[in-house]
Amino acid sequence: MGNGVTQIRRSVMTLALPVTLTTLLQRAEGIVAIFLVGGLGATAIAAVGLGQLLAFVATTLVSGISVGSNVIVAQLWGARRQHDAGEAARHFLGLSIGVSLLLAGVGIAGNRFVMQQLGAEPSVIELALPYSTLIFLIIPCTVLIQVLSSILQGTGDTKTPMYGLIGVNLIHVFLAYPLIYGHWGAPAVGLRGAAIAVGLAEATGLFYLFLRCRPILKKSATLRQDLLRSIWEVGASVSGERIVQQAGIFIYTKLVLLYGTVAYAAHQVGLSIESFSFLPGYGLAIAAATMVGQSIGAGKYTRAKLENWEANRLAIVIMAAMGLLFFFLPDPLLRAFTTDEAVIELGTMFLRIVALLQIPLALTMVLAGSLRGAGDTRFIMGTTMIGMWGVRVPLALVAALWLRQSISLIWAAMIVDWSVRMGLLLWRYRSERWRQIQVIR
């Protein structure tokens, strides 16, 4: 038994570390953009943050395709049905192209209206609009990179997406800095430069990942109804969960914006810093979904439980350590992004609050990943609805509109939200009802 656990631990590390780095790299573009425009002031930070928020919400709407591709390909791969996995991957790819093009059009047409509804100041909107429009133009690249990465990860190949994202980030940094500030002979185009760099980098990464994924993709003579049914059963709940989450984030962001541009800039910088703990947790959640999906596809339920335990253990260690860093050393972390003293003061408060939710967040993320790997996506959607709309949004509304308290109470609502979700997912996982779910037939 001891040797078996050690082998599983090694497998978790081998799979999880590249996925964690890949996930970190996927978010790194946004973090680098915030970092690079920090020299332009709080308004520029808020503008980029707002543009990134809208793009993130749009890509979230198709997250069911990305997560669904990982879960279904992993279970088919674990069951040694590689040809079926290749046909499923091709279905996912075609669907993601159509949906992402639609989202790009809707986003470009409606981004100004959404910014106004969020309550952003006119100066922030005018800066954010050109950046946001360019980012929406390249959303198909962003979505396809996520889906191709998920397909490869579902087969157990976690290194190729990592290499692809390393290339994307290197190209982005090499192009963004001179285009923002006008160095090395490039024109100074400000925030537009940051968006242009993202577009060129992601187009290159998409080309690379498609070439590497091409041998996996298999043509189908007709549309496979069984695969479409599986895609719907897994993907619809995931997309529903993300829509519920992002709708709540919209309300929550609007409440933060009530406290002004400096407060929102501190919020955005704080989120960028927190990503250094959040993203490893998210990477481990994807690794858990892949490993548990493959084990369930092969009928190895005991192994799936051990994989979940090891992923949770690793997430707690990493995120608790980062929480200590956030709590005791917020000042140097914030000064790496901005020199605005008002932003640093509020950002310090934000980081100390999010430090307290790192362990509940770690458990919630990995447990959700394991349950997704089993196909238990409906319960996760219900948990998200309870946490966001039953806890965080009501608490934040009461604090901001009724009690009219400090923004610290708005941020503290996140702790209660993630703690409630953690409790619900622990109960669900321990009940083992996920073993009765049949994703592939």
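Here the range 2-435 is treated with +1 on each Lys and Arg Cβ and -1 on each Asp and Glu Cβ, and its dipole about the Cα centre works out to around 1420 debye. Cβ-to-Cβ counts within 10 Å put VAL124, VAL398 in ascending order as VAL398, VAL124, the fewest first. Ranking GLY167, ALA304, ILE243 by Cα position along the charge dipole of the range 2-435, where only Lys, Arg, Asp and Glu carry charges on their C-beta atoms, puts ALA304 farthest toward the positive end.
Between the range 269-346 and the range 362-388, how many Å separate their Cα centres? Rounded to whole Å, the Cα centres lie 16 Å apart.
Among 125-137, 295-307, 268-280, 325-337, sorting by the average number of other beta carbon atoms lying within 10 angstrom of each residue, highest first, gives 268-280, 125-137, 295-307, 325-337. The order of LEU200, LEU15, going from fewest to most other C-beta atoms within 10 Å of their C-beta, is LEU200, LEU15. Once C-alpha pairs closer than 8 Å and six or more residues apart are averaged by separation and normalised to the residue number of the chain, the relative contact order reads 23 percent.
Mean residue ellipticity at 222 nm, helices only, the chain: -28500 deg cm²/dmol; runs of at least 4 DSSP H residues each add -39,500 (n - 2.57), and the sum is divided by the number of residues. Ordering ALA321, SER419, LEU15 by the projection of their Cα atoms onto the charge dipole of the chain, which places +1 on the Cβ of Lys and Arg and -1 on the Cβ of Asp and Glu, puts LEU15 at the extreme positive end.
Taking the Cα centre of the range 288-441 as origin and assigning +1 to Lys and Arg Cβ atoms and -1 to Asp and Glu Cβ atoms, the resulting dipole is close to 880 debye. For Cα extents along the principal axes in Å, the value computed from the atomic coordinates appears in the list (i) 87, 60, 43; (ii) 66, 46, 45; (iii) 56, 46, 37 under label (iii).
Where a number appears in this text, it was derived from the coordinates with a stated rule and is not lab data. Predicted model only: the values in this text are computed from it and were never measured. With ideal geometry, Cβ positions are generated from the backbone for all residues, glycine too; neighbour counts draw on all protein chains shown.
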